[in-house]
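As structure tokens, the structure follows; a few thoughts come after it.
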Amino acid sequence: MLISQLRGHLVETTHPVSAALWADGALRWSVGPDFSSFWRSGCKALQLTSSLNHLPPDLVRGLTDEELAIGAASHSAQPMHVAHVESLLDRFGLVESDLRCGAHRPMHEPSARALERAGAKPTQVHNNCSGKHTFMRAAAKFSGWPDDYRPPDHPLQVENTQRMTEWMGEAPSIAVDGCGVPSFHARLHAMARAVSTLAVEMGPEWAPGSGLEARIGWAMHRCPQHMSGEGRLDLRVVEDATEPLTVKVGAEGLFTIALPNRRAGLVVKVHTGNDAALAVAVRSVLDEVYPGLIEAEPWPWSTVQNVVGRTVGERRAVW
């Protein structure tokens, strides 16, 4: 499968795509090679489960869906995202300097410009991974572990690796993610198995599960604006779906989808990492595997526009 970008009637670029669907304990469908990729942010729900395991139970019980979604987020640093991270830091008895994710400009352009107009610089709470890091730092604090929770041999990261191995059915390779914590590298088929495990743990909407994985998955579904941001692909997919989905964008062209009603996990990877191609690939794969699951038209990423907003081409799937 390719996503082909045309300008006029001429091909400008092509982007190879791999995808895999795992359901009911087996690989049920795939397209393209069994590409190996980094999960990057695509596995934040699993990482958050490890962190919650090491927080006081009464504190975990008191967490809202919005706060859990922030913990699994690649958020855009809109005001509500920053406010939730700051609130969690305060509740855990932490401050911004306790985090180790680093600062970067908000992904939400209006929020970034507002920060600049105020003469302020981004801090670590504006990092799209700050929710995950807040929970990781809290887990280290309450467990009496070293403050720097990032090294692969830190007890929390060891647990994350063990969890990934269990859910994927094979051990991942490890490198360093953009925010400094370990990033897992694996085959798409293994990733799809892990995502299906999340879907199974969540349980169907008429009989949701009660474990931590279920709470996290359903929080991400109910509060997609908290784990994503305005105008983002993952938010749009959840909002336009005709059944519950828990989705997570990774980096460099990865997208994961847990379908709890179907006990299924779907992973899509654009080999080139192109974000616009990924948006078209996700919609095309869903239309192929589960027709009618996304009914919204038009799909905004399908058109190529010039600087004055005129449509001058299109992106489309070539099977």
ask   = Across region 277-302, which residue is surrounded by the most Cβ atoms within 10 Å (Cβ to Cβ) among those that are at pLDDT 95 or above and of a type in the set (D, E, K, R)?
value = Arg283
inquiry  = For the condition of a type in the set (A, V, I, L, M) and closer than 30 Å to Cys223 by Cα, what is the one hit in Leu6, Leu2, Leu21?
reply    = Leu21
ask   = What pairs can you find where one residue is in region 184-213 and without any contact (Cβ under 8 Å) to a residue 12 or more places away in the chain, the other is surrounded by fewer than 20 Cβ atoms within 10 Å (Cβ to Cβ) and not hydrophobic (A, V, I, L, M, F, W, C), and their Cβ atoms are less than 6 Å apart, with a gap of 6+ or different chains?
value = Gly209/Gly203
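A quick yes/no check of all residues on (1) surrounded by fewer than 19 Cβ atoms within 10 Å (Cβ to Cβ); (2) in contact (Cβ under 8 Å) with a residue 24 or more places away in the chain; (3) in contact with a helix residue (DSSP H, G or I) (Cβ under 8 Å, 6 or more places away or on another chain):
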site	(1), (2), (3)
Leu6	yes, yes, no
His15	no, yes, yes
Cys43	no, yes, yes
Thr49	no, yes, yes
Pro57	yes, no, no
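Checking the condition farther than 30 Å from Asp240 by Cα and either at pLDDT 95 or above or buried (at least 21 other Cβ atoms within 10 Å of the Cβ) (or both), which residue from Pro172, Pro224 passes?
Result of the check over Pro172, Pro224: Pro172.
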request  = Kindly establish whether Arg137 is charged (D, E, K, R) and part of a helix (DSSP H, G or I).
outcome  = yes
inquiry  = Among the residues that make up region 176-183, is at least one of them crowded, with 22+ Cβ neighbours inside 10 Å, assigned to a loop (DSSP other than H, G, I, E, B), touching a residue at least 12 places away in the same chain (Cβ under 8 Å) and not charged (D, E, K, R)?
reply    = yes
inquiry  = So if I check each of Asn274, Asn261, which one is of a type outside the set (Gly, Ala, Ser), touching a Gly at 6+ places or on another chain (Cβ under 7 Å) and surrounded by fewer than 23 Cβ atoms within 10 Å (Cβ to Cβ)?
reply    = Asn274
key: Selection within region 116-171 - among the aliphatic types (A, V, I, L, M), more than 20 Å from the chain's Cα centre (by Cα) and over 18 Å from Ala103 (Cβ atoms)   = Ala138, Ala139, Ala140, Val158, Ala171
request  = Take Phe135 and decide whether it is modelled with pLDDT of 95 or more, over 26 Å from Leu233 (Cβ atoms) and aromatic (Phe, Trp, Tyr).
outcome  = no
message = Going through Leu88, Leu21 one at a time, which residue ends up being touching a strand residue (DSSP E or B) at 6+ places or on another chain (Cβ under 9 Å) and crowded, with 18+ Cβ neighbours inside 10 Å?
response = Leu21
task = Name the helices (runs of 4 or more DSSP H) wholly inside region 50-115 in which the number of residues that are in contact with a Gly (Cβ under 8 Å, 6 or more places away or on another chain), outside the structural domain of Asp275 (by TED's automatic domain parsing) and modelled with pLDDT of 95 or more is 1 or more.
result = 65-71, 79-91
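The values are calculated or read from the model by the stated rules, or taken from the named source; none is laboratory data. These numbers come from a predicted model, not from an experiment. No Cβ is skipped: glycine too gets one built from the backbone with ideal geometry, and neighbour counts run over all protein chains shown.
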